[in-house]
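Q: Below you will find the structure I want to go over with you.
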Amino acid sequence: MPVQFVSHGGPTYLYKAEPDDPPIMKQMDKDSELVASYKNLRYPVEPKAILVVSAHWEERPLRITCQERHPTLLYDYYGFPEETYHVKYPSPGSPELAKRVAELLKAAGHDVVLDTKRNLDHGAFLPLMLMYPEAKIPVVQLSLHASLDPARHIMIGRALQPLRDEGILILASGSSTHDLRGMFGAAYRNPTAYRRAVKEFTDALNKAMESDPAVRDDVLINWRSKLPYSREMHPREEHLIPLMVAAGAAGSDRGKLQLDIRPEGIFANTFYIFDSPSSSASSSSANTCPAGPAPATEASAASQNGACGVL
């Protein structure tokens with residue numbers, strides 16, 4: 001199975017923009033080209049299960065959802081129409097996959113917790129609703145590590161590589177740019193300069209994703225200095241970090257740009273796929289990283305609840 005990175009957007013995907021809304025909102029509502037394009041992201045081979053890594057969950061140590069089902073969702077946003085707080089995505093969970101993910105991560109030196117309480121956040125359920133609306137495929141969500149260290153997250157991804165040959169789709173969910181304040185501030189005060197920053201950052205990111213994996217990983221680890229306008233496009237890095245997990249899980253696969261939509265030129269939504277699963281199994285660097293520190297050891301912890309058991 002492949003690894004995919006999606007720019008997951010927000011609750012605007014769930015309703016139609018009002019006539020007096022800013023133009024960018026109309027390019028990101030439920031009738032937009034962007035939302036319609038999600039159906040083209042669905043991989044032709046159905047996965048046995050999906051492991052989602054969302055920008056909206058940070059923990060220390062790592063946590064993994066471990067439930068039989070996801071009857072409710074985590075509506076981790078505010079100020080949107082009432083209907084956005086009632087959407088459902090009742091997909092099955094998979095304690096079996098949760099324990100397999102924990103096993104792989106622990107073998108690579110990462111401490112983990114099985115979480116029997118947390119629901120899927122919008123970084124997980126929004127892209128899944130559009131890509132797999134049937135909600136029949138088991139879904140497990142893995143948190144980011146609260147350090148937000150790029151090298152650590154590439155190593156996390158590498159530890160997860162064997163899942164690809166086990167029929168598991170790894171879906172990293174973040175955003176290629178994420179400067180919400182700038183979108184409604186600097187982008188309107190100086191639109192030419194802001195659009196230039198979005199273009200240069202996103203073009204450089206696309207080039208890195210399609211480069212040799214060693215070059216790609218070096219750019220990601222050192223992205224603050226190697227990508228132009230990095231601080232403007234990501235004042236805080238949590239929406240780019242899932243891409244590091246995707247790159248690590250990709251192994252020796254080069255990325256391919258699936259979709260690049262930039263509403264009003266002030267916000268970039270890029271989507272990448274790494275889809276040569278045979279090469280991921282043979283990667284000799286599954287638990288090594290080209291640069292950056294090794295993950296620090298933390299005290300292990302685990303939740304106990306029925307099928308999830310104890311790590």
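Q: Before we move on, is residue 193 more than 28 Å from residue 30 (Cα to Cα), among the aliphatic types (A, V, I, L, M) and modelled with pLDDT under 95?
A: Working: more than 28 Å from residue 30 (Cα to Cα): yes; among the aliphatic types (A, V, I, L, M): yes; modelled with pLDDT under 95: yes.
When the stated conditions are applied, residue 193 passes them.
Q: Can you tell me which of (1) touching a residue at least 60 places away in the same chain (Cβ under 8 Å); (2) assigned to a helix (DSSP H, G or I); (3) over 14 Å from the mean Cα position of the chain (by Cα) is the one residue 147 doesn't meet?
A: The number of the failed condition is (2).
Q: Which pairs have Cβ atoms under 6 Å, sit 6 or more apart or on different chains, and link a residue in segment 82-93 that is hydrophobic (A, V, I, L, M, F, W, C) to one that is exposed (fewer than 15 other Cβ atoms within 10 Å of the Cβ) and not in a loop (DSSP other than H, G, I, E, B)?
A: Partner pairs satisfying both residue conditions: none exist.
Q: Moving to a separate point now. I need the full set of residues from segment 221-247 which are more than 21 Å from residue 56 (Cβ to Cβ), out of contact with any Phe, Trp or Tyr (no Cβ under 9 Å at 6 or more places or on another chain) and surrounded by 19 or more Cβ atoms within 10 Å (Cβ to Cβ), in order please.
A: The one that is more than 21 Å from residue 56 (Cβ to Cβ), out of contact with any Phe, Trp or Tyr (no Cβ under 9 Å at 6 or more places or on another chain) and surrounded by 19 or more Cβ atoms within 10 Å (Cβ to Cβ): 221.
Q: Residue 218 - would you say it is out of contact with any Leu (no Cβ under 7 Å at 6 or more places or on another chain), more than 15 Å from residue 266 (Cα to Cα) and surrounded by 15 or more Cβ atoms within 10 Å (Cβ to Cβ)?
A: yes
Q: Would you say residue 121 is under 30 Å from residue 18 (Cα atoms), buried (at least 20 other Cβ atoms within 10 Å of the Cβ), among the charged types (D, E, K, R) and touching a His at 6+ places or on another chain (Cβ under 7 Å)?
A: Values: under 30 Å from residue 18 (Cα atoms): yes; buried (at least 20 other Cβ atoms within 10 Å of the Cβ): yes; among the charged types (D, E, K, R): yes; touching a His at 6+ places or on another chain (Cβ under 7 Å): yes.
When the stated conditions are applied, residue 121 passes them.
Q: Looking at segment 31-40, is at least one residue on the phi > 0 side of the Ramachandran plot, out of contact with any Phe, Trp or Tyr (no Cβ under 7 Å at 6 or more places or on another chain) and not polar (S, T, N, Q)?
A: Within segment 31-40, the first condition is being on the phi > 0 side of the Ramachandran plot, and the residues that meet it are none.
No, the conditions are met nowhere in segment 31-40.
Q: Select from segment 100-118 the residues that are surrounded by fewer than 21 Cβ atoms within 10 Å (Cβ to Cβ), more than 21 Å from residue 85 (Cβ to Cβ), among the charged types (D, E, K, R) and touching a residue at least 40 places away in the same chain (Cβ under 8 Å) and list them in ascending order.
A: 100, 106, 111, listed by residue number.
Q: Surrounded by fewer than 20 Cβ atoms within 10 Å (Cβ to Cβ) and not small (Gly, Ala, Ser), is that true of residue 162? First the steps, then the outcome.
A: Working: surrounded by fewer than 20 Cβ atoms within 10 Å (Cβ to Cβ): yes; not small (Gly, Ala, Ser): yes.
In short, yes.
Q: I'd like the full set of residues that are farther than 20 Å from residue 128 by Cβ and either within 18 Å of the chain's Cα centre (by Cα) or hydroxyl-bearing (Ser, Thr, Tyr) (or both), limited to segment 62-104.
A: Correct list: 62, 78.
Q: Can you say whether residue 113 is more than 20 Å from residue 2 (Cα to Cα), outside any helix (DSSP H, G or I), β-branched (Val, Ile, Thr) and at pLDDT 95 or above, as far as the supplied structure shows?
A: On the way: more than 20 Å from residue 2 (Cα to Cα): yes; outside any helix (DSSP H, G or I): yes; β-branched (Val, Ile, Thr): yes; at pLDDT 95 or above: yes.
Criteria met by residue 113.
The values are calculated or read from the model by the stated rules, or taken from the named source; none is laboratory data. From a predicted model like this one, the values you see are computed outputs, not experimental measurements. We place every Cβ from the backbone using ideal geometry, glycine too, and count neighbours over all the protein chains shown.
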